[in-house]
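Everything below concerns the one structure shown next.
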Amino acid sequence: MIQGPLSLEDQQLRIKDIFKDGIWDWSYMERFSIEPKLFNTPGFSDISKFYCTRTSSQYALLRITPEMETQLRFLLTYVKFGSQRRRQEWFAKKFLCGMERESLISDIVRFICCAHHPTNEIIQSDVIPRWAVVGWLLTLCRKNYVRANVKLALFYDWLFFDERVDNIMKIEPAMLLMVYSIPKYIDMIHTLLEFLFLLVDNYDVQHIDIIVKGVSSAFNVLLRKGVIQSMDF
């Protein structure tokens, strides 16, 4: 999930530590810092170097099993929107039953955002879109910190988005999930936007300028490319 060597597991542990009783402990994040000596790497001076380092999308494939990948690709390539319930229930029963397996949901979201980019033909067809699968996965999260991890997995690419090197397909699912949640699931868009704004303000207060630039760039690209028509929700 992280752009460079820091892993999704590192992020999950960090999230779990700062999420208590459904409330973010942002004071913990303000105290969080990484000193260069911890890495013992010549030339390392600032955590922001990781933010600017892109990780291959193939990394997302290492976080899920080959069978999970096969089933997810089938769902997102052949199953029609509106006819997905039975297959989703089967997938959840086979791969996500049990409290510990719930943590896999954030890995699945990273796979959907980073490693499964449908063709234009599929996007324009009646196949279930990625945003709808992500929305379904969010409903499976029973623990608050797991839900927070999944939202972070969904929005992480927004924080450091650079149009010159990043693919718009990585940020599209989050945007479309918010757009298509109107008006039936208005609470969904409120929850997602609130989380995104909290990330902007608190994810890394020492580098908030980088994050503001990334999120602003993400919104601008989505507008310019026609993924959304306006920012009026």
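The values are calculated or read from the model by the stated rules, or taken from the named source; none is laboratory data. Given the structure is predicted, the values throughout are model-derived calculations rather than measurements. Neighbour counts are summed over all protein chains in view; Cβ atoms, including those assigned to glycine, are modelled from backbone coordinates with ideal geometry.
Go through region 177-197 and count every residue that is assigned to a helix (DSSP H, G or I) and under 16 Å from Val227 (Cα atoms).
Total satisfying the criteria: 3.
Any idea how many residues of region 85-108 are assigned to a loop (DSSP other than H, G, I, E, B) and either in contact with a Phe, Trp or Tyr (Cβ under 8 Å, 6 or more places away or on another chain) or exposed (fewer than 12 other Cβ atoms within 10 Å of the Cβ) (or both)?
Within region 85-108, residues that are assigned to a loop (DSSP other than H, G, I, E, B) and either in contact with a Phe, Trp or Tyr (Cβ under 8 Å, 6 or more places away or on another chain) or exposed (fewer than 12 other Cβ atoms within 10 Å of the Cβ) (or both) number 3.
Out of everything in region 109-135 that is assigned to a loop (DSSP other than H, G, I, E, B) and among the small types (Gly, Ala, Ser), what residue ends up being surrounded by the most Cβ atoms within 10 Å (Cβ to Cβ)?
Top of the filtered list is Ala115.
What are the pairs, 6+ residues apart or on separate chains, where a residue within region 129-143 that is under 19 Å from Met175 (Cβ atoms) and at pLDDT 95 or above has its Cβ under 8 Å from a residue that is of a type in the set (Asp, Glu) and in a helix (DSSP H, G or I)?
Pairs found: Arg130/Glu172; Trp131/Glu172.
Could you list, in sequence order, the residues of region 51-84 that are of a type outside the set (A, V, I, L, M, F, W, C) and not in a helix (DSSP H, G or I)?
Matches in region 51-84: Thr53, Arg54, Thr55, Ser56, Ser57, Arg63, Thr65, Lys80, Gly82, Ser83, Gln84.
Kindly check whether there is at least one residue in region 152-174 that is more than 21 Å from Ser56 (Cα to Cα), out of contact with any Gly (no Cβ under 8 Å at 6 or more places or on another chain), assigned to a helix (DSSP H, G or I) and free of Cβ contacts under 8 Å to residues at least 60 places away in the same chain.
No - not one qualifying residue is present in region 152-174.
Out of the residues in region 193-212 meeting the condition of being surrounded by 15 or more Cβ atoms within 10 Å (Cβ to Cβ) and of a type outside the set (A, V, I, L, M, F, W, C), tell me which one is nearest to His116 (Cα to Cα).
Tyr203
Select from region 162-192 the residues that are exposed (fewer than 13 other Cβ atoms within 10 Å of the Cβ) and under 18 Å from Val221 (Cβ atoms) and list them in ascending order.
Matches in region 162-192: Arg164, Val165.
Can you say whether Val150 is closer than 21 Å to Cys114 by Cα and either in contact with a helix residue (DSSP H, G or I) (Cβ under 7 Å, 6 or more places away or on another chain) or at pLDDT 95 or above (or both), as far as the supplied structure shows?
yes
Can you name every residue in region 90-128 that is among the aromatic types (Phe, Trp, Tyr) and touching a residue at least 24 places away in the same chain (Cβ under 8 Å)?
Selection gives Phe95, Phe111.
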